[in-house]
Structure formats: structure tokens, C-alpha cells
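Read through the structure below, which is laid out as C-alpha cells, and then see the notes.
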Amino acid sequence: MKRIISVFLIILVLSLAVVGCSSNKNTAPKDGTYTVEVTLKGGSGKASVTSPATVVIADGKATATIVWSSSHYEYMQIGETRYDPINTEGNSTFEIPVTFDEENAVSALTTAMSEPHLIDYTLFFDSSTLKTK
């Protein structure tokens with residue numbers, strides 16, 4: 001009887017380990033166009049971005065279209081890479097690479113103040129809100 005219980009417990013532990021390893025919330029969805037809720041943190045709190053945002057996934061990589069609440073953003077920067085706006089009129093709009101379910105550190109240069117300022121923000125893309133567009 002002890003042997004049967006031991007075997008059962010071993011099978012149970014191994015089954016739980018396999019199930020735990022197979023669930024990864026950062027797994028990219030299939031290639032396609034989606035909407036996803038995005039949260040902005042940082043800056044003075046006056047700026048915002050449109051949510052949900054459009055995200056295109058190609059070859060497992062996500063690119064989001066970020067639309068700011070202002071037309072005064074000249075560029076966005078992630079690390080050393082600069083992203084220029086994709087529009088010339090209306091609120092500043094950018095296409096940037098993103099990761100789901102993590103804080104994405106970005107900077108954005110605004111000219112809305114007396115002199116240009118590069119402001120640090122974080123964007124959070126909640127994969128549980130992904131919807132096919």
C-alpha cells in the first residue's frame with residue numbers, strides 16, 4: 001500500500017511540474033492585429049495615451065501604435081533607439097516594439113513646455129485584454 005501511495009505521489013508531483021511549466025503568460029499570441037489595454041506611468045500625470053492600443057504581432061514580435069494626448073511629442077526613445085512619429089497632424093503617434101505583462105521603459109521628448117524635455121515613462125500592456133482587431 002505504501003508503494004502505491006508513493007508511486008501516486010510521484011506521478012502527482014510530476015504532473016503538477018509539467019502543468020506549471022506549460023503556462024507562460026509572456027507567450028506571444030499568433031501573428032495578427034490586436035487591441036490591448038495599455039497603462040501609462042510617469043511624467044507629470046498630465047499626459048496620457050490612447051487605450052486600448054493597436055498591436056501588430058509579426059514573427060512573434062509585438063509592435064504597438066502609441067497615440068499621445070498631445071501633438072507636442074517630437075520622438076520616443078527606448079534605450080538608445082529613437083522612434084519618430086508616424087504622423088504629421090493630430091496627436092503624436094508612434095510605432096514601438098513592446099513586451100506584454102512587463103513595464104516597458106520609454107522616454108518621450110515633449111516641446112509643450114518652455115523648452116524641450118525628455119521625460120521617462122513606463123507603458124504596461126496587459127495581455128489578458130488582447131482582442132483580435
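Descriptive notes on the structure:
- Yes/no for V56 being under 12 Å from the mean Cα position of the chain (by Cα) and within 25 Å of T129 (Cα to Cα): yes
- Pairs where the first residue, in the stretch 111-133, is closer than 17 Å to P97 by Cβ and the second is at pLDDT 95 or above and among the basic types (K, R), C-beta under 9 Å, 6+ apart: Y121/K41; T122/K41; L123/K41; F124/K41
- Strands (runs of 3 or more DSSP E) completely within the stretch 74-124 that count 1 or more residues being surrounded by fewer than 13 Cβ atoms within 10 Å (Cβ to Cβ), among the β-branched types (V, I, T) and on the phi < 0 side of the Ramachandran plot: 81-83
- Top-ranked residue of the stretch 48-73 - restricted to ones that are assigned to a loop (DSSP other than H, G, I, E, B) and touching a Ser or Thr at 6+ places or on another chain (Cβ under 6 Å), ranked as nearest to H117 (Cα to Cα): H72
The values are calculated or read from the model by the stated rules, or taken from the named source; none is laboratory data. Nothing here was measured: the structure is a model prediction, and the numbers come from that model. Methodologically, a virtual Cβ is constructed for each residue, glycine included, from the backbone with ideal geometry; neighbour enumeration extends over all protein chains shown.
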